[in-house]
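Peer 1: So that we are looking at the same thing, I have put the structure below in structure tokens.
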Amino acid sequence: MKIAALQMVSGSDVPTNLQTAIGLLKQAAQAGAELVVLPEYFCLMGMHDSDKLASQEPYGAGPLQTFLSDAARSLGIWLVGGTIPISTHQPDRIFNTSLAYNPQGECVARYDKIHLFCFDSGTESYNEARVLQAGTLPVQFDLPSIDKHTWKIGLSVCYDLRFAELYRIHARAGADLMLVPSAFTHTTGQAHWEVLLRARAIENLSYVVASAQGGQHQNRRHTWGHSMAIDPWGRVLAVQEQGAGMVVAELQPNQLARCRQQLPALQHRVLP
């Protein structure tokens, strides 16, 4: 299965971000990607955390969900829509939600980001809990590919990457591809991004594909980028360092099976 991870440098204007996104989605479809993944906050990197509240929409209806559904259907692709702000029952909180669509434009999975990023170095600080409500449930979905393999795909978002237990839950459910749409900061990404992604692939003998924000944003935030695809042996197949663009990789069921046969670590688990 050919997969494309899209990288963006989203700003504070939603229509402009959507225009950039559809351009990249068309490029990915033209490159033959069957599954395309947008980055976290592809639709909006606002000037303030609270800007997300103004763009929120109820699950199942809204312009952002219509955009994703229409893109999947018109391009004939499976699409994981990075994240968009979905309403909660609290006026000052939203979910940071990743939605998956099939080529008919139907939403087949919803994952609300479980782990909320918090970082304070004294000069740089973030606290997603100011406006986000944490999700509670791991989510996977099945993608019956044209390669005759049904890929079980585990969903995660950005800061989730630091919590190996989430990915182990995906592995236990049979996931052989894990997606990580992200907006890692330059500071934490430079230190930890690649090693964490490769660790999640190695320990779960799974493909890992991460689509990221990558560059200097209007709100002065600097994201690390380095969208990449990693195989079950931990090898980086492709990477986009900075700026808007895409990473395309061919995921091979035979390689997945071979790695798991040669090193049956998933069968050797002892602890729950």
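Peer 1: Mind checking which residues of region 229-251 are outside any strand (DSSP E or B), touching a helix residue (DSSP H, G or I) at 6+ places or on another chain (Cβ under 9 Å) and farther than 17 Å from Q27 by Cα?
Peer 2: Result: D231, P232, W233, G234, R235.
Peer 1: On to the next question. Among what's in region 194-212 and is within 17 Å of the chain's Cα centre (by Cα) and not in a helix (DSSP H, G or I), pick the residue that is farthest from V247 (Cα to Cα).
Peer 2: S206
Peer 1: What's the total number of residues in region 213-228 that are under 25 Å from D176 (Cα atoms) and part of a loop (DSSP other than H, G, I, E, B)?
Peer 2: So the answer is 2.
Peer 1: In addition: Residue under question is S87, and the condition is that it be touching an Asp or Glu at 6+ places or on another chain (Cβ under 7 Å), of a type in the set (S, T, N, Q) and surrounded by fewer than 23 Cβ atoms within 10 Å (Cβ to Cβ); does it hold?
Peer 2: Considered against the rule, which asks whether it is touching an Asp or Glu at 6+ places or on another chain (Cβ under 7 Å), of a type in the set (S, T, N, Q) and surrounded by fewer than 23 Cβ atoms within 10 Å (Cβ to Cβ), S87 comes out as yes.
Peer 1: Does region 104-118 include one or more residues that are in contact with a Pro (Cβ under 6 Å, 6 or more places away or on another chain) and of a type in the set (G, A, S)?
Peer 2: No, region 104-118 contains no residue that is in contact with a Pro (Cβ under 6 Å, 6 or more places away or on another chain) and of a type in the set (G, A, S).
Peer 1: Consider E203 carefully, then state whether it is surrounded by fewer than 24 Cβ atoms within 10 Å (Cβ to Cβ), more than 22 Å from L44 (Cβ to Cβ) and touching a residue at least 60 places away in the same chain (Cβ under 8 Å).
Peer 2: Taking the combined requirement at face value, the residue satisfies it.
Peer 1: Sticking with this one: Given the options Q90, Q27, Q65, name the one that is without any contact (Cβ under 8 Å) to a residue 60 or more places away in the chain and not in a loop (DSSP other than H, G, I, E, B).
Peer 2: Q65
Peer 1: Right, next: Restricting attention to region 207-225, does a residue exist that is free of Cβ contacts under 8 Å to residues at least 60 places away in the same chain, buried (at least 21 other Cβ atoms within 10 Å of the Cβ) and farther than 23 Å from W78 by Cα?
Peer 2: Yes: region 207-225 contains one or more residues that are free of Cβ contacts under 8 Å to residues at least 60 places away in the same chain, buried (at least 21 other Cβ atoms within 10 Å of the Cβ) and farther than 23 Å from W78 by Cα.
Peer 1: Related question: Looking at (1) closer than 20 Å to V14 by Cα; (2) part of a loop (DSSP other than H, G, I, E, B); (3) touching a strand residue (DSSP E or B) at 6+ places or on another chain (Cβ under 6 Å), find the lone condition where G135 falls short.
Peer 2: Just one mismatch for G135, condition (1).
Peer 1: Oh, and also: Answer yes or no as to whether I146 is crowded, with 19+ Cβ neighbours inside 10 Å and either in contact with a Phe, Trp or Tyr (Cβ under 8 Å, 6 or more places away or on another chain) or in a loop (DSSP other than H, G, I, E, B) (or both).
Peer 2: no
All of the numbers you see were taken from the coordinates with simple rules; none came from a lab. Since the structure is predicted, the reported quantities are computational estimates derived from the model, not experimental observations. All Cβ positions, glycine included, derive from the backbone under ideal geometry; neighbour counts span all protein chains shown.
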